[in-house]
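Engineer: Sharing a structure, written as C-alpha cells. Questions coming.
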Amino acid sequence: MSSAPAQPEETASALNEGQRLLYTFIEPSRTMADLRRNASWWVPWLLVSIVAVGFALTLDRKIGWGQAIETQVQANPLTAGKIERMAPDQRDKMLKVQAGVASVLGYSAPVITLVAMVAIAAILLGAFNFGFGAKLHFRELLAVSAYSLLPSMIYTLLTIVLMFFVEADTFDVKNPVASSVGYFVPATMPFLKSLLGVFDVFTLWQVFLLAVGISQLSKVKKGAAFATIFGLLFLVKLAAAGFSAM
C-alpha cells in the first residue's frame, strides 16, 4: 500500500497571520492553539509598537511631555508638596529631566514592549512549568504574550483620540480612559488609586488571553491559569502602588 496520507484536518486548521489577529478578538482559543504549530510573535509585536509610537507622537504634539509630567505632579498631593518647597530653578530642572526621560521611554515603546513580552514569557514559564508541571516552551509563551497584548492597542487608540478633545492641562496620562476602578478613585488616595488600577477592562482582557494560551498549550485549566496570572499581577501592582505612594 502507499504511504499514509497527509492529515487534512491539521492543514485545514492552520491559520495565517490575519486570521490569528482576528481570532484573538473573537475566538482566542483558535489563535492560541495555532501557536503550537507556528509560534511566530513579530506581527502582534509590530502592531502594538506602531500604535504605541503613535501615542508618543500625539502626546508630544497635542499635550507636551512637560505638561503631562506637570499634571501628574500636581495630581499627587505628596509630590506636589515636595515640589512646591523646591527653589524655582530646581523645580524647573527636575521637571525638564522627567519630561526628557518620559519622552525617551515613549519613543522606545518597541523595545520596551519586546522586553515586557520576554519578561512575561519567562515568568509564565517558571510559574506553570514548576508550579503546575506543565511542559510549556519559551517561544510559545513569547507568542502568547505578544497576542495577549493586542487589546492594549484599543486602549491606546482610545487615548490617542481623547487627546484631540481635552485641554492639555487636564489630561491624565496614567488614567486617560475610564476603563478601571482606579480611574474613579480621587488623586488624594494614590495608593488605592494605583492598586485598583489592576481591575481594568483591558488588563483583565489581556490576563484572560494569557490564560487561554496557557490552557491551549498545556493541561492547565483556564480558570486556574487565570487565577494564577491575576494573582501574580496583583502582587506586582501592590508593590508598585506602595512605591508610588511613598
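The values are calculated or read from the model by the stated rules, or taken from the named source; none is laboratory data. Because the structure is predicted, anything quoted here is derived from the model rather than measured. Methodologically, a virtual Cβ is constructed for each residue, glycine included, from the backbone with ideal geometry; neighbour enumeration extends over all protein chains shown.
Engineer: Among the numbered conditions (1) in a loop (DSSP other than H, G, I, E, B); (2) surrounded by fewer than 14 Cβ atoms within 10 Å (Cβ to Cβ), tell me where residue 161 comes up short.
Structural biologist: (1)
Residues checked against (1) more than 19 Å from residue 173 (Cβ to Cβ); (2) in contact with a Ser or Thr (Cβ under 9 Å, 6 or more places away or on another chain):
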{"residue": "35", "(1), (2)": "yes, no"}
{"residue": "49", "(1), (2)": "no, yes"}
{"residue": "56", "(1), (2)": "no, yes"}
{"residue": "88", "(1), (2)": "yes, no"}
{"residue": "97", "(1), (2)": "no, no"}
{"residue": "107", "(1), (2)": "no, no"}
{"residue": "115", "(1), (2)": "yes, no"}
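Engineer: A follow-up question, please. Going through the range 164-200 one residue at a time, which ones are in a helix (DSSP H, G or I), of a type in the set (S, T, N, Q) and loosely packed, with under 15 Cβ neighbours inside 10 Å?
Structural biologist: 170
Engineer: Further question: Checking residue 130 against (1) more than 19 Å from the chain's Cα centre (by Cα); (2) over 20 Å from residue 240 (Cβ atoms); (3) touching a residue at least 12 places away in the same chain (Cβ under 8 Å); (4) not in a loop (DSSP other than H, G, I, E, B), which single condition isn't satisfied?
Structural biologist: (3)
Engineer: Ok, one more. So residue 119 ticks every box in (1) within 14 Å of the chain's Cα centre (by Cα); (2) in contact (Cβ under 8 Å) with a residue 40 or more places away in the chain; (3) in a helix (DSSP H, G or I) but one. Which box is left unticked?
Structural biologist: (2)
Engineer: Is there a residue being within 24 Å of residue 27 (Cα to Cα) and within 18 Å of the chain's Cα centre (by Cα) anywhere in the range 102-109?
Structural biologist: no
Engineer: Follow-up. Of all residues in the range 80-116, how many are polar (S, T, N, Q), more than 13 Å from residue 53 (Cβ to Cβ) and either loosely packed, with under 15 Cβ neighbours inside 10 Å or in contact (Cβ under 8 Å) with a residue 40 or more places away in the chain (or both)?
Structural biologist: Of the residues in that region, 1 qualify.
Engineer: Just give me the residues in the range 34-78 being modelled with pLDDT of 95 or more, in a helix (DSSP H, G or I) and of a type in the set (Ser, Thr, Tyr), in sequence order.
Structural biologist: Listed by number, the residues that qualify are 49, 58.
Engineer: Exactly one condition in (1) at pLDDT 95 or above; (2) not in a loop (DSSP other than H, G, I, E, B) is not met by residue 220; state its number.
Structural biologist: (2) is the only condition that residue 220 fails.
Engineer: If you don't mind, there's one more thing I want to ask. Any residue that is touching an Asp or Glu at 6+ places or on another chain (Cβ under 7 Å) and more than 21 Å from residue 73 (Cβ to Cβ) - is there at least one of those in the range 186-204?
Structural biologist: Scanning the range 186-204 turns up no residue that is touching an Asp or Glu at 6+ places or on another chain (Cβ under 7 Å) and more than 21 Å from residue 73 (Cβ to Cβ).
Engineer: Which one is farthest from residue 194 (Cα to Cα), of the residues in the range 214-233 that are loosely packed, with under 13 Cβ neighbours inside 10 Å and without any contact (Cβ under 8 Å) to a residue 60 or more places away in the chain?
Structural biologist: 223
Engineer: Right, something else. Inside the range 134-189, can you point out the residues that are among the small types (Gly, Ala, Ser), closer than 20 Å to residue 68 by Cα and touching a residue at least 40 places away in the same chain (Cβ under 8 Å)?
Structural biologist: 168, 187
Engineer: Something else: Looking at (1) in contact with a helix residue (DSSP H, G or I) (Cβ under 9 Å, 6 or more places away or on another chain); (2) under 18 Å from residue 163 (Cβ atoms); (3) charged (D, E, K, R), which one does residue 30 not meet, given that it meets all the others?
Structural biologist: (2)
Engineer: Let me ask you something else. Among the numbered criteria (1) surrounded by fewer than 15 Cβ atoms within 10 Å (Cβ to Cβ); (2) over 23 Å from residue 146 (Cα atoms); (3) within 16 Å of the chain's Cα centre (by Cα), which one does residue 236 miss?
Structural biologist: Here residue 236 clears every test but (2).
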